[in-house]
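The values are calculated or read from the model by the stated rules, or taken from the named source; none is laboratory data. Values in this document were obtained by computation on a predicted structure and should not be read as measured data. When we count neighbours, we look across all protein chains shown, and the Cβ atoms used for this are built from the backbone with ideal geometry, even at glycine.
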């Protein structure tokens with residue numbers, strides 16, 4: 001625990017388990033519960049909470065689990081974090097020495113190579129065999145996890161190492177942690193990119209996760225304003241202010257169609273994003289990428305996405321590369337180019353404003369509908385939170401991205417991106433983890449929670465209640481695994497078999513789930529279901545007041561599918 | 001990244017038709033619209049959806065019946081085809097009547113929550 005304290009962990013997220021009982025007992029007694037032990041009700045929740053926490057705090061918590069059954073539970077959440085380039089620090093208990101395993105369960109919970117099952121989607125793991133080895137590997141694991149591309153690591157804590165006293169006279173030392181400087185682009189390559197950007201008539205930036213920290217948002221704004229170029233956003237982080245005139249995401253097809261140069265920064269499916277423009281071979285196009293994803297890749301899982309042909313690829317962290325790129329661009333901009341850029345920026349601002357007008361018109365359709373439209377729910381919620389210090393901690397995809405379309409998002413903590421690997425069950429635990437990080441800042445955490453996702457591990461609400469983690473959860477209760485409803489419907493139609501059976505295995509009805517009662521049973525104040533949009537505003541007001549008083553609150557809202 | 005532009009283009013091209021011009025039984029159309037799962041992607045009042053999938057709005061002012069039938073039988077993009085075995089032309093006429101019966105939303109300028 002002295003090693004972990006030296007690293008600076010603020011919290012332990014764990015569901016208790018005997019194979020790491022030695023560490024658990026040390027946390028609460030030897031360390032006086034500092035780092036604070038947050039009781040989780042599922043290992044998948046522990047890791048998803050750590051995932052959400054890291055996206056707000058910028059660093060991992062300490063997570064613990066059994067090396068066998070605990071890691072098995074946690075594996076999908078680890079995969080989400082892996083795909084989402086999020087640092088997770090996981091310590092798992094195991095008994096390597098067969099002579100020291102306790103009975104049948106002890107054997108069931110022991111494994112030769114504990115981290116093997118997640119090695120394909122973790123950056124590094126180790127099985128230390130001495131305390132000194134443990135200290136060095138623990139520090140190394142943190143350093144590796146935090147070096148872009150930031151990713152999960154696993155450290156095995158042998159039960160004998162945990163449980164036995166340090167031999168008298170043993171000289172142990174804790175190595176100093178020094179984080180590796182994020183890799184930035186080669187100077188010559190940056191100069192080439194700057195030349196191409198300044199010479200281009202319509203450069204467009206596509207960002208995936210360039211907002212690794214709050215500084216990344218500011219730097220991207222500076223680059224875009226320097227060039228007066230458009231920015232499209234894959235919504236994997238808070239990368240760029242959504243109401244900035246250069247934000248072109250809501251007219252991304254048109255913006256990319258006009259591009260003669262596309263610069264991809266820490267993108268995910270870059271191939272899919274730029275494919276329509278690449279297909280138009282009549283217009284010349286240059287493609288540049290800057291991503292730490294080029295620096296570290298594994299074979300088995302295919303989250304690296306389809307290969308994208310480019311004219312110049314810089315293997316580096318985009319955020320770390322942006323300062324040099326901005327300076328290189330500024331040096332090349334002549335008065336003539338500046339005038340061209342200003343004219344371009346003006347046109348982009350007008351196009352962006354028109355796109356926003358179209359979105360508002362779109363939001364008005366179904367305004368009075370019941371079940372309530374996701375656009376209206378988002379608009380009503382925005383009116384209630386816009387004067388608060390707020391943080392939206394949900395994947396916006398299933399809510400038709402309305403919060404991103406209608407809210408003034410400009411700070412890094414205003415949005416934390418999506419699940420990473422599209423693994424369902426991420427939403428509510430990631431939100432609770434993010435809320436832990438927001439709590440110390442007195443920030444209002446907003447979670448718009450998909451119903452199907454919530455039911456994977458609803459016990460996380462108890463965690464929020466028990467540890468007094470303030471947050472407002474709005475249930476996106478569309479009463480189905482809606483994505484799958486549409487998928488099965490599509491399949492049935494393609495086979496011309498009728499669609500009257502598509503609810504089998506996809507709808508969450510008969511009975512409908514009473515989320516307000518479920519929340520109450522877990523110690524969380526709640527209300528709903530709300531079916532009339534006129535009832536939203538007063539409910540949201542009540543929920544925000546409770547969250548601001550330091551408690552979680554849940555409001556069940558019957559919503560449209562999307 | 002979602003293709004809003006395409007969705008918007010679909011419904012800006014739609015001419016306005018009245019219920020009388022269309023014919024069809026709006027009440028039955030509503031029942032069919034919900035039973036046949038049109039609402040899953042397009043919303044219960046045909047308002048459309050903005051993501052996953054991007055589904056264009058269908059109402060108010062639905063496209064002409066002939067165009068609707070042609071599209072449903074051979075759709076573009078991610079929409080699956082509905083053959084006449086699954087849904088008849090007469091039923092589509094009723095669905096169109098339902099869509100045509102859906103009132104216009106309040107103008108955006110009259111919705112304070114949507115002011116920039």
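Overview of results
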read-out	value
Residue A:301 being exposed (fewer than 14 other Cβ atoms within 10 Å of the Cβ) and either farther than 25 Å from residue A:253 by Cβ or touching a strand residue (DSSP E or B) at 6+ places or on another chain (Cβ under 7 Å) (or both)	yes
So residue A:528, is it at pLDDT 95 or above, more than 14 Å from chain B (Cβ to nearest Cβ) and not in a loop (DSSP other than H, G, I, E, B)	yes
Meets criteria (at pLDDT below 75, touching a strand residue (DSSP E or B) at 6+ places or on another chain (Cβ under 8 Å) and either part of a helix (DSSP H, G or I) or surrounded by fewer than 20 Cβ atoms within 10 Å (Cβ to Cβ) (or both)) for residue B:7	yes
Residue check for residue A:474: within 19 Å of the chain's Cα centre (by Cα), more than 28 Å from residue B:35 (Cα to Cα) and assigned to a strand (DSSP E or B)	no
Test: residue in the stretch A:292-308 that is touching a residue at least 24 places away in the same chain (Cβ under 8 Å), more than 14 Å from every other protein chain (Cβ to nearest Cβ) and more than 24 Å from the chain's Cα centre (by Cα)	no
All positions within the stretch A:527-554 that are surrounded by fewer than 20 Cβ atoms within 10 Å (Cβ to Cβ) and farther than 25 Å from residue A:463 by Cβ	A:531, A:532, A:534, A:535, A:537, A:538, A:541
Residue A:101 under 26 Å from residue A:175 (Cβ atoms) and not assigned by TED's automatic domain parsing to the domain that holds residue A:208	no
Residue list for the stretch B:51-90, filter: away from chain A (no Cβ under 11 Å), surrounded by fewer than 18 Cβ atoms within 10 Å (Cβ to Cβ) and part of a loop (DSSP other than H, G, I, E, B)	B:64, B:74, B:76, B:77, B:88
Boolean, residue A:424 is within 26 Å of residue A:238 (Cβ to Cβ), surrounded by fewer than 24 Cβ atoms within 10 Å (Cβ to Cβ) and within 14 Å of chain B (Cβ to nearest Cβ)	yes
Condition met for residue A:255 (part of a loop (DSSP other than H, G, I, E, B), within 14 Å of another protein chain (Cβ to nearest Cβ), farther than 24 Å from residue A:423 by Cβ and touching a residue at least 24 places away in the same chain (Cβ under 8 Å))	no
Near pairs, Cβ below 9 angstrom, 6+ apart or cross-chain, from the stretch B:42-55 (touching a residue at least 40 places away in the same chain (Cβ under 8 Å)) to any residue that is in a strand (DSSP E or B)	B:48/B:54; B:48/B:55; B:55/B:49
Of residues in the stretch A:363-397 being facing chain B (nearest Cβ under 7 Å) and assigned to a helix (DSSP H, G or I), the one nearest to residue B:106 (Cα to Cα)	A:364
Hits in the stretch A:490-499 - residues which are facing chain B (nearest Cβ under 7 Å), surrounded by fewer than 19 Cβ atoms within 10 Å (Cβ to Cβ) and in a loop (DSSP other than H, G, I, E, B)	A:496, A:498
Boolean, residue A:206 is under 24 Å from the mean Cα position of the chain (by Cα) and in a helix (DSSP H, G or I)	no
Options A:420, A:433, A:487; residue that is on the phi > 0 side of the Ramachandran plot and either in contact with a helix residue (DSSP H, G or I) (Cβ under 6 Å, 6 or more places away or on another chain) or in a helix (DSSP H, G or I) (or both)	A:420
Matching residues, the stretch B:12-39, being at pLDDT below 90, buried (at least 20 other Cβ atoms within 10 Å of the Cβ) and within 12 Å of chain A (Cβ to nearest Cβ)	B:36, B:37
Test: residue in the stretch A:271-278 that is surrounded by fewer than 24 Cβ atoms within 10 Å (Cβ to Cβ) and in a loop (DSSP other than H, G, I, E, B)	no
